[in-house]
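Engineer: This is the structure I have questions about; it appears just below.
The values are calculated or read from the model by the stated rules, or taken from the named source; none is laboratory data. Here the structure is a predicted model, which is why all the values come from computation and not from measurement. Note that each Cβ is placed from the backbone with ideal geometry, even for glycine, and that neighbours are counted across all protein chains shown.
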Amino acid sequence: MNNVFVYCEIEGTTIADVSLELLTKGRKLANQLGCQLEAVVAGSGLEGVESQVLPYGVDKVHVFDAPGLFPYTSLPHSSVLINLFKEEKPQICLMGATVIGRDLGPRVSSALTSGLTADCTSLEIGPHEDKRAGITYENLLYQIRPAFGGNIVATIINPEHRPQMATVREGVMKKEILDANYKGEVVKHDVAKYVSDADYVVKVIDRHVEKAKHNLKGAPIVVAGGYGVGSKENFNLLFELAKELHAEVGASRAAVDAGFCDHDRQIGQTGLTVRPKLYIACGISGQIQHIAGMQDAGIIISINNDENAPINTIADYVINGSVEEVIPKMIKYYKQNSK
Ligand SMILES: Cc1cc2nc3c(=O)[nH]c(=O)nc-3n(C[C@H](O)[C@H](O)[C@H](O)COP(=O)(O)OP(=O)(O)OC[C@H]3O[C@@H](n4cnc5c(N)ncnc54)[C@H](O)[C@@H]3O)c2cc1C
């Protein structure tokens, strides 16, 4: 009762990274609250699936295993969560800000009249004093996210209704195994008690799954280009440097909007969140919406012809110069010195 729940997304029988990241965060929140962490997995052919989630410090795994639960469709998964939450009364529910989470979260929160904050960038626990009502609430979930076009960072709370629900994008939280041998309870539910036959009205007849064209999220080095790169042709210089460094190429939204680079490489608030060991920002000014997607990089190098570019304030090294001049030199000297 009143525990922290994480809805675990699944592809086939593999739990999605975003869910493992949220379990890691959920464990920390549960520790602060002095409660348990519970995971919900719904799919089909889930024998042994608990071994993927327990190491993240999960105290209880709710398994819903039925042929109609994979691939995901809205109604059966909504019914699973709504009916389970009516029984379990979680205080917090987290899910990925993915295509599935964006569909499922609002359905569940509206059925339970609980409220939901989408795309949180941080989650914390703290009190809130409602001075007008003279009430102090303890241990609320601070659902923190950029608001008003990223110009402010808002802390959203939900004092009265439960569960406090939040979605978080992939890569925003860090995935960390707590204990490979962590012991938790596994509860295999009778799906028919939670999902009606009518919920299976939508049948998936065909699925086309495409592999990602790049591994930006997992790349140890990212060479990212902004509007200052100037053209699609100049972006090829970035790809050349990335090839030498075994890196991936990312981009700012301005570069994507200008057609210099594909949208799936956009980094930032409305793109990907990356945490490489090295981030080389080329012709990127460093607006807050971009920084949101790369500020946890280990080392940041900024290449910019404006020495006062905002990104320089968070960069570990600043190269003051034009992309066209600096990148070819980097390629040349890297090739020379790595022979
Ligand atoms: C709701 C919302 C969501 C957003 N989401 C994102 C997001 O996810 N990701 C994102 O990136 N942005 C996002 N933005 C846009 C963001 O506000 C900025 O507009 C964008 O990040 C700017 O990109 P930029 O730094 O490439 O371009 P600019 O701000 O135009 O900066 C270009 C930089 O290049 C430098 N420069 C110019 N020429 C050269 C040269 N030859 N050599 C070296 N340096 C040069 C300039 O000095 C400048 O610093 C969002 C905005 C909003 C409102």
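Engineer: Out of curiosity, is T113 closer than 13 Å to P163 by Cα and either modelled with pLDDT of 95 or more or charged (D, E, K, R) (or both)?
Structural biologist: So T113 passes the test.
Engineer: Report yes if some residue within segment 243-256 is on the phi > 0 side of the Ramachandran plot and within 13 Å of the ligand (Cβ to nearest atom); otherwise report no.
Structural biologist: Looking through segment 243-256, none of the residues is on the phi > 0 side of the Ramachandran plot and within 13 Å of the ligand (Cβ to nearest atom).
Engineer: Sticking with this structure for a sec: Can you tell me which residues in segment 224-240 are within 14 Å of the ligand (Cβ to nearest atom) and in contact with a strand residue (DSSP E or B) (Cβ under 9 Å, 6 or more places away or on another chain)?
Structural biologist: Scanning segment 224-240 gives A224, G225, G226, G228, V229, N234, F235, L237, L238.
Engineer: Still on this structure: Name the single residue that is surrounded by the most Cβ atoms within 10 Å (Cβ to Cβ) among those in segment 165-206 being over 26 Å from D119 (Cβ atoms) and small (G, A, S).
Structural biologist: So, considering only residues that are over 26 Å from D119 (Cβ atoms) and small (G, A, S), the one surrounded by the most Cβ atoms within 10 Å (Cβ to Cβ) is G184.
Engineer: Let me ask you something else. All but one of (1) more than 16 Å from K213 (Cβ to Cβ); (2) touching a residue at least 40 places away in the same chain (Cβ under 8 Å); (3) within 11 Å of the ligand (Cβ to nearest atom) hold for I267, so report the exception by its number.
Structural biologist: Answer for I267: the failing condition is (1).
Engineer: Take segment 296-314 and flag every residue that is closer than 27 Å to A154 by Cα, over 20 Å from the mean Cα position of the chain (by Cα) and either hydrophobic (A, V, I, L, M, F, W, C) or near the ligand (Cβ under 7 Å from one of its atoms) (or both).
Structural biologist: Step one: list which residues in segment 296-314 are closer than 27 Å to A154 by Cα, which gives 296-298, 300, 309-314.
Subsequent filtering for residues that are over 20 Å from the mean Cα position of the chain (by Cα) retains 300, 309-314.
Across segment 296-314, the qualifying residues are I300, A309, I311, I314.
Engineer: Here's something else I'd like to know. For G293, are the conditions met, namely being more than 8 Å from the ligand (Cβ to nearest atom) and assigned to a loop (DSSP other than H, G, I, E, B)?
Structural biologist: Taking the combined requirement at face value, the residue does not satisfy it.
Engineer: Look at D206 and say whether it is farther than 30 Å from P146 by Cα, free of Cβ contacts under 8 Å to residues at least 60 places away in the same chain and of a type in the set (D, E, K, R).
Structural biologist: For D206, the condition - farther than 30 Å from P146 by Cα, free of Cβ contacts under 8 Å to residues at least 60 places away in the same chain and of a type in the set (D, E, K, R) - is met.
Engineer: At least 2 residues that are within 30 Å of P55 (Cα to Cα) and of a type outside the set (S, T, Y) in each: list the strands (runs of 3 or more DSSP E) lying fully within segment 115-177 that qualify.
Structural biologist: Because the criterion is at least 2 residues that are within 30 Å of P55 (Cα to Cα) and of a type outside the set (S, T, Y), the strands (runs of 3 or more DSSP E) in segment 115-177 that meet it are 116-120, 122-130, 135-147, 164-168.
Engineer: Find all pairs meeting these conditions: Cβ atoms under 7 angstrom apart; at least six residues apart or on different chains; first residue within segment 64-81 and free of Cβ contacts under 8 Å to residues at least 24 places away in the same chain; second residue surrounded by fewer than 17 Cβ atoms within 10 Å (Cβ to Cβ) and in a loop (DSSP other than H, G, I, E, B).
Structural biologist: Short answer, once both residue conditions are applied: P67/S44.
Engineer: Taking segment 264-279 as the region of interest, how many residues are closer than 12 Å to L216 by Cβ and not in a loop (DSSP other than H, G, I, E, B)?
Structural biologist: So the answer is 6.
Engineer: How about segment 241-259: which of its residues are part of a loop (DSSP other than H, G, I, E, B) and either touching a Pro at 6+ places or on another chain (Cβ under 9 Å) or crowded, with 23+ Cβ neighbours inside 10 Å (or both)?
Structural biologist: Selection gives H246, A247, S252.
Engineer: Output the residues belonging to segment 207-231 that are assigned to a helix (DSSP H, G or I) and either surrounded by fewer than 13 Cβ atoms within 10 Å (Cβ to Cβ) or aromatic (F, W, Y) (or both). Break it down into steps so the answer makes sense when it comes.
Structural biologist: To start, the set of residues in segment 207-231 that are assigned to a helix (DSSP H, G or I) comprises 227-229.
Of everything in segment 207-231, just one residue is assigned to a helix (DSSP H, G or I) and either surrounded by fewer than 13 Cβ atoms within 10 Å (Cβ to Cβ) or aromatic (F, W, Y) (or both), namely Y227.
Conditions (1) crowded, with 19+ Cβ neighbours inside 10 Å; (2) charged (D, E, K, R); (3) more than 25 Å from M173 (Cα to Cα); (4) modelled with pLDDT of 95 or more, marked per residue:
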site: F239; (1), (2), (3), (4): no, no, yes, yes
site: Q266; (1), (2), (3), (4): yes, no, no, yes
site: V274; (1), (2), (3), (4): yes, no, no, no
site: K277; (1), (2), (3), (4): no, yes, no, yes
site: G283; (1), (2), (3), (4): yes, no, yes, yes
site: G293; (1), (2), (3), (4): yes, no, no, no
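Engineer: Give the number of residues within segment 318-333 that are farther than 17 Å from Y227 by Cβ and not in a helix (DSSP H, G or I).
Structural biologist: Total satisfying the criteria: 3.
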